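These notes are about the structure you will find just below.
The values are calculated or read from the model by the stated rules, or taken from the named source; none is laboratory data. Because the structure is predicted, anything quoted here is derived from the model rather than measured. Methodologically, a virtual Cβ is constructed for each residue, glycine included, from the backbone with ideal geometry; neighbour enumeration extends over all protein chains shown. Protein only, heavy atoms only, side chains kept; ligands, DNA and RNA dropped before computing areas. Shrake-Rupley method; radii C 1.70, N 1.55, O 1.52, S 1.80 Å.
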Amino acid sequence: MFKKVLVANRGEIAIRAMRACRELGVKTVAVYSEADKNALFAKYADEAYYIGPAPSSQSYLNMDKIIEVALESGAEGIHPGYGFLSENSVFARKCEEAGIVFIGPPSKAIEQMGSKIAARNTMIKAGVPVVPGTEGAISNEEEAIEIADSIGYPVMIKASAGGGGIGMKIVHSKEGFKAALNSIQSVAASAFGDPTVFIEKYVEEPRHIEFQILADKYGDVVYVMERECSIQRRHQKLIEEAPSPVMTPELRKEMGETAVKAAKAIGYENAGTVEFLYSKGDYYFLEVNTRLQVEHTITEMITGIDLAKQQLHIACGEKLPYKQEDIVHRGWAIECRINAEDPLNDFAPSPGKIRRYRSAGGPGIRVDSGVHMGYTISPYYDSMISKLCAWGQTREEAIDRMKRALYEYVVAGVTTNIPFHKAVLRNEAFREGKLTTHFIDEYNIIEDVKKVVEEDTTKGVTLASVLDNKDLKIAAVTAAVGSYVNAVKKQTK
Ligand code: MV4
């Protein structure tokens, strides 16, 4: 095992990686920006080094500086967390060249997933189903129109260098095709420096199902169950669960084995996720996320496998300790991402000081967080306060526990999306497991959020509002009213 590891990230995921290190007796090195001088993760580490100003381009994305700190501190490996440098093949290569272990896949595996067209073709060759579409890049407009006709509308035009929802457009008919093609080509050129696009059939009302995988350096790969992440907004996941409500043992085996095939096709190592679109019994490969994901926690809850520790074991060259049949799951887990954002104001970030804070607890609850009372959420980074996860023996129990945990959760000083989560959890279709990626719009969840905020405010149905503490009560009510007032303001604009 490593003696010392540097964690090139911040917030809850830096703590998550360091928790794994601590359990394994590995010393930890944090790097922090100007904005994170007083952050919990920097204090949690055995050593912490300042690496630059708040903007991530000058700190958490500064590859050479981070590698320099790793070498200086004697760290043998770098855990990249998610976001920032985690899926940057240049950084992975720089680590490899500096003799530092990048705790993730080989740079080549990351690179191969960078071009969506190349990834599609690799997967087709490996026998992994992809959405029907073009084999290569679109070379001219006339040919593109013919292809779209033969695929049949609606189609989707996607940038080959894109990902995470940037650089793609749905086209419903021939009329809009040329304009959409030109727009995606120019977006792709300016955002990614590569105007290459391709066309796929548009899969309507899909569910987002992803398989967790673990792969060692000796070609062994296992799938560690699936997660469903259909409740999202503008490609920001808000609620995830494991397993997926639509999964059957037969489908799981088939999709899981497909995910393993995909991983093997790109020489994958370490923890990763294979994403699929699922619609009416069919599934299609979408992309591989070459990192430990935010929502890995729910997989840990249903399988008992510590994915962050497995990352360290694998990176050290240990063999996978599991065969596929060793991986079993029990019960159901749900994650709600608690963000400092206002669902009634188009989910605008709400950075600022957390004046009151008490997270939920009790049976089946796991909270991963990098904040505390008095902590100031910086406008420079994402606005996640915590990942609130609930486990139950059944999906119903997990939902009921999550509702109870949301009742317990106290955050004041910043507006949070807790009312959004309450609104989704009491939605009948959600309870029945009828999820799609259009869920929030389809069920007009924002209207229900308004009702939740009103109820919480007037009836005092949160723990925050009933606790016998005058300040606390005022703070909680202020937060709720704040978001409501913002919404009204917006409507009357
Ligand atoms: C699609 C699709 C429908 N049909 N491709 C969104 C992110 C990017 N990785 C691919 N995405 C999609 N690709 C075809 N051919 C619908 C989406 C999509 C989506 C996918 C997963 C989770 C949420 C989503 C929300 C909107 C659109």
**Study point:** Hits in region 387-400 (condition: in contact with a Gly (Cβ under 8 Å, 6 or more places away or on another chain) and buried (at least 22 other Cβ atoms within 10 Å of the Cβ))
**Key:** Ala390, Trp391, Ala398
Practice item. State the number of residues belonging to region 234-257 that are open to solvent by 10 Å² or more (accessible area, probe 1.4 Å) and either assigned to a helix (DSSP H, G or I) or in contact with an Asp or Glu (Cβ under 8 Å, 6 or more places away or on another chain) (or both). Key: 11
Review point. Are any residues in region 287-306 out of contact with any Lys or Arg (no Cβ under 9 Å at 6 or more places or on another chain) and open to solvent by 40 Å² or more (accessible area, probe 1.4 Å), and if so, which ones?
Key: Arg291
Study note, to complete from the structure: From the option list Thr437, Thr457, single residue qualifying as modelled with pLDDT of 60 or more, in contact with a His (Cβ under 9 Å, 6 or more places away or on another chain) and on the phi < 0 side of the Ramachandran plot is Thr437
Revision key, fill the gap. Taking region 124-145 and keeping only residues that are within 16 Å of the ligand (Cβ to nearest atom), part of a helix (DSSP H, G or I) and touching a helix residue (DSSP H, G or I) at 6+ places or on another chain (Cβ under 7 Å), one is left with Ala144
Exercise for review: Starting from residues that are out of contact with any helix residue (DSSP H, G or I) (no Cβ under 9 Å at 6 or more places or on another chain) and assigned to a loop (DSSP other than H, G, I, E, B), keep the ones in region 146-201 and report whichever is farthest from the ligand (Cβ to nearest atom).
Suggested key: Gly193
Point to revise | Residue ID - farthest from the chain's Cα centre (by Cα), chosen from residues in region 283-304 that are hydroxyl-bearing (Ser, Thr, Tyr) and more than 13 Å from the ligand (Cβ to nearest atom) | key: Thr303
Review point. Which members of region 258-269 meet the condition of being in a helix (DSSP H, G or I), more than 16 Å from the ligand (Cβ to nearest atom) and either of a type in the set (Val, Ile, Thr) or in contact with a helix residue (DSSP H, G or I) (Cβ under 7 Å, 6 or more places away or on another chain) (or both)?
Key: Thr258, Val260, Lys261, Ala265
Point to revise | All strands (runs of 3 or more DSSP E) inside region 340-431 with 2 or more residues being of a type in the set (Val, Ile, Thr) | key: 365-369, 410-412
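Return the total of residues in region 59-78 being closer than 21 Å to Ala35 by Cα and polar (S, T, N, Q).
Result for region 59-78: 2.
Given the residues Ile365, Ile385, Ile399, Ile334, which is the only one that is among the β-branched types (Val, Ile, Thr) and closer than 12 Å to Val414 by Cα? Even if it seems obvious, please write down each step before you answer.
Working: Ile365 fails: closer than 12 Å to Val414 by Cα; Ile399 fails: closer than 12 Å to Val414 by Cα; Ile334 fails: closer than 12 Å to Val414 by Cα.
Exactly one residue qualifies, and that residue is Ile385.
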Study note, to complete from the structure: Those residues of region 270-282 which are surrounded by fewer than 21 Cβ atoms within 10 Å (Cβ to Cβ) and either of a type in the set (Phe, Trp, Tyr) or within 11 Å of the ligand (Cβ to nearest atom) (or both) amount to Glu275, Leu277, Ser279
Check your understanding: So Asp216 fits all but one of (1) within 16 Å of the ligand (Cβ to nearest atom); (2) within 24 Å of the chain's Cα centre (by Cα); (3) not polar (S, T, N, Q); what number is the exception?
Key -> (1)
Practice item. Just give me the residues in region 99-126 being under 27 Å from Ser139 (Cβ atoms), of a type in the set (Gly, Ala, Ser) and open to solvent by 20 Å² or more (accessible area, probe 1.4 Å), in sequence order. Key: Gly114, Ser115, Ala118, Ala126
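If I filter region 432-446 for residues that are closer than 22 Å to Lys237 by Cβ, among the acidic types (Asp, Glu), open to solvent by 40 Å² or more (accessible area, probe 1.4 Å) and more than 16 Å from the ligand (Cβ to nearest atom), do I get at least one hit?
Within region 432-446, one or more residues are closer than 22 Å to Lys237 by Cβ, among the acidic types (Asp, Glu), open to solvent by 40 Å² or more (accessible area, probe 1.4 Å) and more than 16 Å from the ligand (Cβ to nearest atom).
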Exercise for review: Would you check if there is a residue in region 307-318 being modelled with pLDDT under 95, out of contact with any His (no Cβ under 8 Å at 6 or more places or on another chain), part of a loop (DSSP other than H, G, I, E, B) and open to solvent by 10 Å² or more (accessible area, probe 1.4 Å)?
Suggested key: no
**Study point:** Filtered residues of region 254-284 (kept if of a type in the set (D, E, K, R) and in contact with a Lys or Arg (Cβ under 9 Å, 6 or more places away or on another chain))
**Key:** Glu269
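When you go through Ile166, Ile151, Ile124 one by one, which is the residue that is under 28 Å from Ala259 (Cα atoms) and free of Cβ contacts under 8 Å to residues at least 12 places away in the same chain?
Step by step, each of Ile166, Ile151, Ile124 is checked, and only Ile124 is under 28 Å from Ala259 (Cα atoms) and free of Cβ contacts under 8 Å to residues at least 12 places away in the same chain.
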**Study point:** Conditions (1) of a type in the set (Gly, Ala, Ser); (2) farther than 30 Å from Pro106 by Cβ; (3) in contact with a helix residue (DSSP H, G or I) (Cβ under 9 Å, 6 or more places away or on another chain); number of the one not met by Ala215
**Key:** (2)
Study note, to complete from the structure: Going through region 377-424 in order, the residues found to be free of Cβ contacts under 8 Å to residues at least 40 places away in the same chain and farther than 15 Å from Asp456 by Cα are Ile377, Pro379, Glu396, Asp400, Arg401
Exercise for review: Residue by residue through region 106-123, note down the ones that are in contact with a helix residue (DSSP H, G or I) (Cβ under 9 Å, 6 or more places away or on another chain) and outside any loop (DSSP other than H, G, I, E, B).
Suggested key: Ser107, Lys108, Ala109, Ile110, Glu111, Gln112, Ala118, Ala119, Thr122, Met123
**Study point:** Hits in region 146-175 (condition: surrounded by fewer than 15 Cβ atoms within 10 Å (Cβ to Cβ) and more than 28 Å from the chain's Cα centre (by Cα))
**Key:** Glu146, Asp149, Ser150, Gly152, His172, Ser173, Lys174, Glu175
